[in-house]
Amino acid sequence: DPAAGGEDGGGGPAAARADGLAGHAVGNLVLCGLMELLGDPVAALEHAGAMLGAVGRVLPMSREPVGIEARVRGADPTAPDEVRTVRGQHQVAVTTGRVESLRLTPTAPAACAEALAAIGAADWLIFGPGSWYTSVLPHLLVPQLADAIVSSPARRLVTLNLAAEKETLGLSVADHLAALHWYLPELKVDLVLADAKAVGDPEPVERAAESLGARLVLAPVAVIDGTPRHDPAALGAALVPVLGADR
């Protein structure tokens, strides 16, 4: 529309809107549309699940918008010792520096009531696999969620990633577990599940697991082509005996 974006279609609101959507997953855009339509993230997620015939529920940490900020050392390669604030889930996920601290904005959002109820009723709470700073750790930064995780009668399992991502470059496998303790010192874990090849020397990972009260379980859970991706069938096979075991 020339009236919106100029004769060449650039520089106006239409172009800005298109640029703002660039790089986003289609699923996220669908969820945004449903949230605008229904006015509630829980209702939007339930509707999306029904559309896909999904089993189970996906619940948000909070019903209010929550942002992520990280203090990153070396975010600018020309200033490797400088610490900068990086804002936004995507920007933190693709940062080229080392994340030194993480926070939410606002710092104490109200937790989703349905999520709190699910945590209290769960048999197991499973952390990971996923982007450590932008998907796993944020749950520990919502005060009500953190309290619910600590006080839940459920057992707790951490599934470790197969390789570092941009946001966790420089972190060892054991460092991933140490980060859980750093952001929620009261967290106790029962089991840590990892792929033996990804772990390498298991001793430091065993020590890190023990510091959380956990036992390390090693199993072949990666795809066979060598890429750092979990094989859903292999991961499921590794989880079945673990989740079905008596206390």
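The values are calculated or read from the model by the stated rules, or taken from the named source; none is laboratory data. Note that the coordinates shown come from a computational prediction; the quantities given were computed from them, not determined experimentally. Reconstructed Cβ throughout: ideal geometry from the backbone, glycine too, with neighbour counts over all protein chains shown.
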Yes or no: A146 under 20 Å from L177 (Cα atoms) and aliphatic (A, V, I, L, M)? yes
G49 vs (1) surrounded by fewer than 18 Cβ atoms within 10 Å (Cβ to Cβ); (2) farther than 26 Å from L157 by Cβ; (3) not polar (S, T, N, Q): all pass except (2)
If you check A115 against the conditions, is it of a type in the set (A, V, I, L, M, F, W, C), outside any strand (DSSP E or B) and modelled with pLDDT under 90? no
Conditions (1) in contact with a Lys or Arg (Cβ under 9 Å, 6 or more places away or on another chain); (2) closer than 26 Å to E165 by Cβ; number of the one not met by C32: (1)
Matching option when the condition is at pLDDT 90 or above, loosely packed, with under 14 Cβ neighbours inside 10 Å and within 30 Å of L169 (Cα to Cα), among E82, E64, E69: E82
Does D231 qualify as being surrounded by fewer than 14 Cβ atoms within 10 Å (Cβ to Cβ) and charged (D, E, K, R)? no
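Matching residues to (1) without any contact (Cβ under 8 Å) to a residue 60 or more places away in the chain; (2) not assigned by TED's automatic domain parsing to the domain that holds D190:
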residue: R63; (1), (2): yes, yes
residue: P80; (1), (2): yes, yes
residue: A118; (1), (2): no, no
residue: A121; (1), (2): yes, no
residue: W132; (1), (2): yes, no
residue: V136; (1), (2): yes, no
residue: L140; (1), (2): yes, no
Test result for P185, more than 17 Å from the chain's Cα centre (by Cα) and modelled with pLDDT of 95 or more: yes
So if I check each of G23, G9, G56, which one is at pLDDT below 90, assigned to a loop (DSSP other than H, G, I, E, B) and closer than 23 Å to V142 by Cα? G56
Among the numbered conditions (1) surrounded by fewer than 15 Cβ atoms within 10 Å (Cβ to Cβ); (2) at pLDDT below 90, tell me where T95 comes up short. (1)
Residues (under 27 Å from A245 (Cβ atoms) and among the aromatic types (F, W, Y)) located in the stretch 131-166: W132
Yes or no: the stretch 155-176 includes at least one residue that is of a type in the set (S, T, Y), in a loop (DSSP other than H, G, I, E, B) and assigned by TED's automatic domain parsing to the domain that holds A233. yes
Does E46 count as farther than 21 Å from L171 by Cα, assigned to a helix (DSSP H, G or I) and modelled with pLDDT of 90 or more? yes
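When you check P204 against the structure, is it more than 15 Å from V158 (Cα to Cα) and part of a helix (DSSP H, G or I), yes or no? I'd like the intermediate steps shown before the answer.
Working: more than 15 Å from V158 (Cα to Cα): yes; part of a helix (DSSP H, G or I): yes.
It is true that P204 is more than 15 Å from V158 (Cα to Cα) and part of a helix (DSSP H, G or I).
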Note: among V30, V92, just one is of a type in the set (A, V, I, L, M, F, W, C), part of a helix (DSSP H, G or I) and farther than 24 Å from V142 by Cα, namely V30
Quick one: in the stretch 123-147, of everything that is of a type outside the set (F, W, Y) and in a strand (DSSP E or B), which residue is surrounded by the most Cβ atoms within 10 Å (Cβ to Cβ)? L125
